[in-house]
Amino acid sequence: MKNAKNGKHEKQKSGDPFEPTRADRFSFGLWTVGNPGRDPFGEAVRARMEPAYIVRKLAECGAHGVNLHDNDLVPFGASAGERGRIVGAFKAALEDCGMVVPMATTNLFSHPVFKDGAFTANDPKVRAFALQKSMDAIDLGVELGAKLYVFWGGREGSEADACRDPRAALARMREALDFLCEYVREQRYELCFALEAKPNEPRGDIYLATTGHMLHFITTLAHPEMVGVNPEVAHETMAGLSMVHGVAQAMEAGKLFHIDLNAQKIGRYDQDLRFGSEDLKGAFLLVRMLEGTSGTVPYTGPLHFDAHAYRSEDEQGVWDFARGCMRTYKILKARAQEFDRDPEVRGLLREQADAELEPLMQRYSKKNAKALRAASIDPDAIARKGLGYEKLDQLMMEHLLGVRS
Ligand code: DIG
Ligand code: MN
Ligand code: MN
């Protein structure tokens, strides 16, 4: 497996167009493939895997990077000596396998101290502890080469909503993020933040529930230029929203700093399923937008699968899951390229241009308003015209189903 050139592990070229390569920028969190299968109704079904082992196996699968929460690597309360030894072994595995750490984050949800939240907790000592832990975890992420830092406020929420005014929660979240932005600037770290929304679970309601909420919240921060979003398929779907529309708004705002890819059935708990394994049309349209196959500017950040194997699986099933995430992404990318090259599709998508009307609407002026009001528009004629979307969607389905290329 070793490449003579630099001793790094290179994928054997199998000729399979859907085999992942480093260039695909696929990443997995230690907690994803390392998920032992524990759930609220049952114990772990898989043994714990050492981080260095996960790095080697992900490299074999063709991944580019591995992400982590601080405590995925360094146990809570580990001594400085233990931290040094653990981080050293992890760095050696990364170096040996030619893997990188695109993103890091803090576990602000497992330890009971965070039972009322972290940055938004009513107890100032909890909020202070969350900042201490986050600064340490940011140091670790930067030491491992991360350029992105995710904040998922898993416990930032409520059940008994009289416990705090939600506006106080927002103010505390802003205080914490502004503080940590200043920390990163003072340390001269090359690091951006990405905020991840989720509507509920583990809290009855989580503040800043969707990517749309986050996009507004970012505008209220002291350093909004340092902060973007990390939308997750399952979380937007849990909120009953379109992931594609949320990601589109983030891209349009220049705020898609990271993305959590997985799959989800609507109306369920956070399933974090293998990418593309539910809502295949949604996954296709998401990949189409991320890859810009219709001619739009593509997303160039990490493609992170925040997902885990079914509890039914053994370790082999975990690697089947990881390969499935990446293969499905690459297959959908190829299908989207074919779809946007299809002459019939392009004909249906050709923009209805109107050289007279459009300039009048693009900028207000008295002259434009007068001309617009004078324009002759026949609403009944327009209403009678079909738009061909049935044909367009059927063509998309046929590309997806592989009967049209
Ligand atoms: C869950 O969707 C969250 C946490 O796993 C982590 O903080 C974040 C990073 O992808 N996603
Ligand atoms: Mn999730
Ligand atoms: Mn996530």
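The residues Cys325, Cys163, sorted by heavy-atom accessible surface at 1.4 Å with ligands and nucleic acids left out, run Cys163, Cys325 from largest to smallest.
Do any of Lys198/Lys255; Lys115/Lys255; Lys198/Lys265; Lys57/Lys91; Lys281/Lys330 go past 22 Å between their Cα atoms, and which? Among Lys198/Lys255; Lys115/Lys255; Lys198/Lys265; Lys57/Lys91; Lys281/Lys330, the Cα-Cα distance tops 22 Å for Lys115/Lys255. Within the chain, antiparallel bridges make up roughly 15 percent of the DSSP beta bridges whose residues both belong there. Kindly identify the chain as rounded, prolate or oblate by the Cα gyration tensor criterion: order the square roots of the eigenvalues as a ≥ b ≥ c, call it rounded if a/c is under 1.5, otherwise compare a/b with b/c, prolate if a/b is larger, else oblate. Cα axes put the chain in the oblate bin.
Accessible surface for the chain, divided over its residues, is 51 Å² per residue with a 1.4 Å probe. Both radii are taken from the alpha-carbon atoms of segment 343-400; with Rh as the Kirkwood radius, Rg/Rh is 1.15. When the solvent-accessible area of the chain is split by element, carbon and sulfur atoms take up 54 percent of it, the probe being 1.4 Å. Of the chymotrypsin sites (Phe, Trp or Tyr not before Pro) found in segment 295-389, the ones in coil according to DSSP and having at most 15 other Cβ atoms within 10 Å of their Cβ are Tyr310, Tyr364. Exposed loop positions in the chain were taken to be trypsin sites (Lys or Arg not before Pro) whose DSSP state is not H, G, I, E or B and which have at most 13 other beta-carbon atoms within 10 angstrom. Between these positions, the longest stretch is 49-187.
Charge tally for Leu140 (other residues, Cβ to Cβ under 12 Å; Lys, Arg +1; Asp, Glu -1): -2. Under the combined filter of DSSP loop state and at most 15 neighbouring Cβ atoms within 10 Å, segment 67-121 retains these chymotrypsin sites (Phe, Trp or Tyr not before Pro): Phe76. Beyond 17 Å, what share of the Cα-Cα pairs of segment 315-356 is found? Please give it as a whole percent. Every Cα pair in segment 315-356 considered, those over 17 Å come to 56 percent.
When GluC sites (Glu not before Pro) are flagged only if DSSP places them in a loop and at most 11 other Cβ atoms lie within 10 Å, the longest unflagged stretch of the chain comes out as 191-350.
The values are calculated or read from the model by the stated rules, or taken from the named source; none is laboratory data. Please read all numbers here as calculations on a predicted model, not as lab measurements. Reconstructed Cβ throughout: ideal geometry from the backbone, glycine too, with neighbour counts over all protein chains shown. Note: areas computed on protein heavy atoms with side chains; ligands, DNA, RNA excluded. Shrake-Rupley method; radii C 1.70, N 1.55, O 1.52, S 1.80 Å.
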